[in-house]
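The values are calculated or read from the model by the stated rules, or taken from the named source; none is laboratory data. If you're wondering where the values come from, they're calculated on a predicted model, not measured in any experiment. As a convention, Cβ positions derive from the backbone with ideal geometry for all residues, glycine included, and neighbour counts pool all protein chains shown.
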Amino acid sequence: MTGRRAGRFVVGVGARRGAPADEVLGLVRDALREAGAAAGSVVAVATVAAKAHEPGVAAAAAALGVPLRTYPAAELARVPVPNPSAAAAAVGTPSVAEAAALAEGGELVVGKRKSGGQGRPGAVTCAIVRLADPSAPAPVPAAREPVAPDLIPDVNDGGPVGQHRRHRHHRKENV
């Protein structure tokens, strides 16, 4: 990509234990170049909580001058990703780099990339997400017809409708 892409970016990083800082930073810089994103537009480096104390991951956040955000594996496991990894499953989630980058929403602009090459296995994965522009107008929800309270069935079996009716009656009494 020749031009710079505007926006705010989150860099998701996964790493094997002991991954060297230069390998993490090298992959992050390559992914930023691929995204057309300036290092100054990165707002956070994100990873799974189990990797929060990996020196290479912490060094990437420090080099970019941004916070390191961590997420529990169970939370990342609920984030849909295009490129799940069997290796990431060892920490309790099918994805670290992509899921961590996508954890706060946004658009995946660089899918999972892996370091390595030249006959050696990579120890680092990286993905980049462009966050939604906070100044953009929020999408307008689809119009819905209001439900008249009298149309709610009079069911009081302790389920959600019954609880709703009890709550609704309680509000009427306090009006």
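Results for (1) under 21 Å from residue 105 (Cα atoms); (2) touching a strand residue (DSSP E or B) at 6+ places or on another chain (Cβ under 7 Å); (3) free of Cβ contacts under 8 Å to residues at least 40 places away in the same chain, shown as yes or no for each residue.
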| site | (1), (2), (3) |
| --- | --- |
| 20 | no, no, no |
| 28 | yes, yes, no |
| 31 | yes, yes, no |
| 38 | yes, no, yes |
| 42 | yes, yes, yes |
| 45 | yes, yes, yes |
| 55 | no, no, yes |
| 61 | yes, yes, yes |
*Please report, ordered by residue number, the strands (runs of 3 or more DSSP E) entirely within segment 1-110 with at least 1 residues that are surrounded by 21 or more Cβ atoms within 10 Å (Cβ to Cβ) and in contact with a Leu (Cβ under 7 Å, 6 or more places away or on another chain).*
9-15, 42-48
*Identify the single condition in (1) out of contact with any helix residue (DSSP H, G or I) (no Cβ under 7 Å at 6 or more places or on another chain); (2) modelled with pLDDT under 80; (3) among the hydrophobic types (A, V, I, L, M, F, W, C) that residue 155 does not satisfy, given that it satisfies every other one.*
(1)
*Could you say whether any residue in segment 69-79 is modelled with pLDDT under 85, basic (Lys, Arg) and over 17 Å from residue 52 (Cα atoms)?*
no
*Could you check, for segment 134-148, whether at least one of its residues is of a type outside the set (Lys, Arg) and either in a strand (DSSP E or B) or modelled with pLDDT of 95 or more (or both)?*
no
*Mind checking which residues of segment 43-59 are aliphatic (A, V, I, L, M) and within 20 Å of residue 76 (Cα to Cα)?*
43, 44, 45, 46, 48, 49, 50, 52, 57, 58
